[in-house]
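What follows is a set of notes on a single structure, which appears directly below.
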Amino acid sequence: MKTIRTRADLAVNGAAPAFEELLHVGRPNIGDREAFLRYANDIFDRRWLSNDGPLLQEFEARIAAHLGVRHCVAMCNGTIALEIAIRAMGLQGEVIVPSYTFVATAHALQWQGITPVFADVDPATHNISPEAVRRMITPRTTGIIGVHLWGRAAPVEELQAIADEHKLGLLYDAAHAFSCTHQGKMIGNFGACEVLSFHATKFFNSFEGGAVVTNDDALADRMRLMRNFGFSGLDQVSHPGTNGKMIEIAAAMGLVNLDAIDEVIAANRANYDCYRAVLADLPGVRLIDYDAGERNNYQYVILEVAPDCAAGRDEIVTALRAENIMARRYFWPGCHKMEPYRSLFPHARLVLPDTERVAASVIVLPTGQTMDADKIAVVAQVIRTVIGGA
């Protein structure tokens, strides 16, 4: 295996980095700036900054219509949305989740005194494995949280069958999967509810924000109470709650970016196709595939590095970063190796072999509106150089 010793060894154009500015995974996409400023001026004129304002109401209605769901309950961020959804569903005891996910999925449970039980993934899809879920069920299990990784649907039919059989709550972390489909049906319509993130790093953002979408009227009513301290009317508190509200300026950004969503997806798709073309013949690495029959947001360009590749995954990441290409080892090293879970479950790796293999093989490459074919060609050249394929 090739050993990298100096920046000059990495550079495709000498010792200087290929890019003066950093190329980031998840650099924010921004819609029509002038339209956003018009919304902002309206907010100032109305002096209605938060508390279920008109832009928030419009945003919720448009998200629900886009996904074909009955309810969208917008929140200040995706983590609070997940915590409220978990509490509104009455989950307790143990809840089964993948370890190969963003740590917030586990934290949202642990923060509320619920034990996250980590199940292994399917190495072919990177999504949670139904067989692994079955193995982790105990008498204390009350729910399952599936994650639609990379915008590709989790095994929703199998998970629903397991949940029905064992009388478990089922919800989804759909932070990667906004505007994606499964068998032609928009993600957002599965399980009891699905949680979205509109953080700045997501392909669709509201500066910061999130939402829970559901077709369950009673669940939506509880979550609306819970995001606003339990207030059901003036001076009337009828449910425990917290402050999870989305503010008007975030809703304004969401509305602007919703108008631009097809344009952003088209840019992501073009970048993905370009990466596929320039990396197609490179041995030892491959891009994950997306089903052409489904709608996907192409938010993530995922490169898998095979064990027999001439360069290791971390070598490739180091080379890219030396060129100011901020590629990411995503979800590395897995939630089970982060605190407090590393200390609580020191032997979790024994039941997570595929999680560890996937976590050690993945690189997420930059995409979005700031990327183009010329930049992608340089990214590919760095990868070719470091694995000796130039």
Inside region 271-295, can you point out the residues that are touching a Gly at 6+ places or on another chain (Cβ under 9 Å), closer than 26 Å to His182 by Cβ and either modelled with pLDDT under 95 or not small (Gly, Ala, Ser) (or both)? Asn271, Tyr290, Glu294, Arg295
Residue identified as at pLDDT 95 or above and within 21 Å of the chain's Cα centre (by Cα) among Ile261, Ile316: Ile261
Consider Asp45 carefully, then state whether it is without any contact (Cβ under 8 Å) to a residue 60 or more places away in the chain and either under 30 Å from Asp372 (Cβ atoms) or not hydroxyl-bearing (Ser, Thr, Tyr) (or both). yes
Hey, among Ala18, Ala106, which residue is crowded, with 17+ Cβ neighbours inside 10 Å, under 21 Å from the mean Cα position of the chain (by Cα) and among the small types (Gly, Ala, Ser)? Ala106
If I ask for residues that are more than 20 Å from Ala108 (Cα to Cα), surrounded by 15 or more Cβ atoms within 10 Å (Cβ to Cβ) and either free of Cβ contacts under 8 Å to residues at least 40 places away in the same chain or hydrophobic (A, V, I, L, M, F, W, C) (or both), which ones from region 341-359 would you list? Arg349, Val351, Leu352, Glu356, Val358, Ala359
Being β-branched (Val, Ile, Thr), outside any helix (DSSP H, G or I) and surrounded by 22 or more Cβ atoms within 10 Å (Cβ to Cβ): is that true of Thr367 here? yes
Would you check which residues across region 338-363 are in contact with a helix residue (DSSP H, G or I) (Cβ under 9 Å, 6 or more places away or on another chain) and closer than 22 Å to Ala306 by Cβ and list them? Arg349, Leu352, Asp354, Thr355, Glu356, Ala359, Ala360, Ser361, Val362, Ile363
For a quick check of your reading of the model, give me the residue pairs whose first member lies in region 219-247 and is free of Cβ contacts under 8 Å to residues at least 12 places away in the same chain and assigned by TED's automatic domain parsing to the domain that holds Ala81, whose second is among the aromatic types (Phe, Trp, Tyr) and surrounded by 14 or more Cβ atoms within 10 Å (Cβ to Cβ), with beta-carbon atoms closer than 8 Å and at least 6 apart or on different chains. Val237/Phe229; Val237/Phe231
Which one is nearest to Leu344 (Cα to Cα), of the residues in region 92-103 that are more than 16 Å from the chain's Cα centre (by Cα) and part of a loop (DSSP other than H, G, I, E, B)? Gly93
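Conditions (1) closer than 23 Å to Gln299 by Cα; (2) at pLDDT below 95, marked per residue:
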{"residue": "Arg328", "(1), (2)": "yes, yes"}
{"residue": "Phe331", "(1), (2)": "yes, no"}
{"residue": "Cys335", "(1), (2)": "yes, no"}
{"residue": "Pro346", "(1), (2)": "no, no"}
{"residue": "Pro366", "(1), (2)": "yes, yes"}
Residue count for region 123-142, restricted to those that are farther than 17 Å from Leu344 by Cβ and surrounded by fewer than 17 Cβ atoms within 10 Å (Cβ to Cβ): 7
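So that you can scan it fast, the table gives a plain yes or no per residue for (1) touching a Phe, Trp or Tyr at 6+ places or on another chain (Cβ under 7 Å); (2) not in a helix (DSSP H, G or I):
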| residue | (1), (2) |
| --- | --- |
| His336 | yes, no |
| Glu339 | no, yes |
| Arg342 | no, no |
| Thr355 | yes, no |
Unmet requirement for Thr101, which otherwise passes all of (1) closer than 30 Å to Leu320 by Cβ; (2) polar (S, T, N, Q); (3) in contact with a Lys or Arg (Cβ under 8 Å, 6 or more places away or on another chain): (3)
Scanning region 296-309 residue by residue, those surrounded by 17 or more Cβ atoms within 10 Å (Cβ to Cβ) and either over 25 Å from Ile265 (Cα atoms) or in contact with a Gly (Cβ under 9 Å, 6 or more places away or on another chain) (or both) turn out to be Asn296, Asn297, Tyr298, Gln299, Tyr300, Val305, Cys309
Starting from region 176-200, keep only residues that are crowded, with 23+ Cβ neighbours inside 10 Å, then list their pairs with residues that are modelled with pLDDT of 95 or more and acidic (Asp, Glu) whose Cβ atoms are within a distance under 6 Å, requiring at least 6 positions of separation or different chains. Gly188/Glu194; Val195/Asp173
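The values are calculated or read from the model by the stated rules, or taken from the named source; none is laboratory data. No experiment lies behind these values; they were computed from the predicted model shown. Methodologically, a virtual Cβ is constructed for each residue, glycine included, from the backbone with ideal geometry; neighbour enumeration extends over all protein chains shown.
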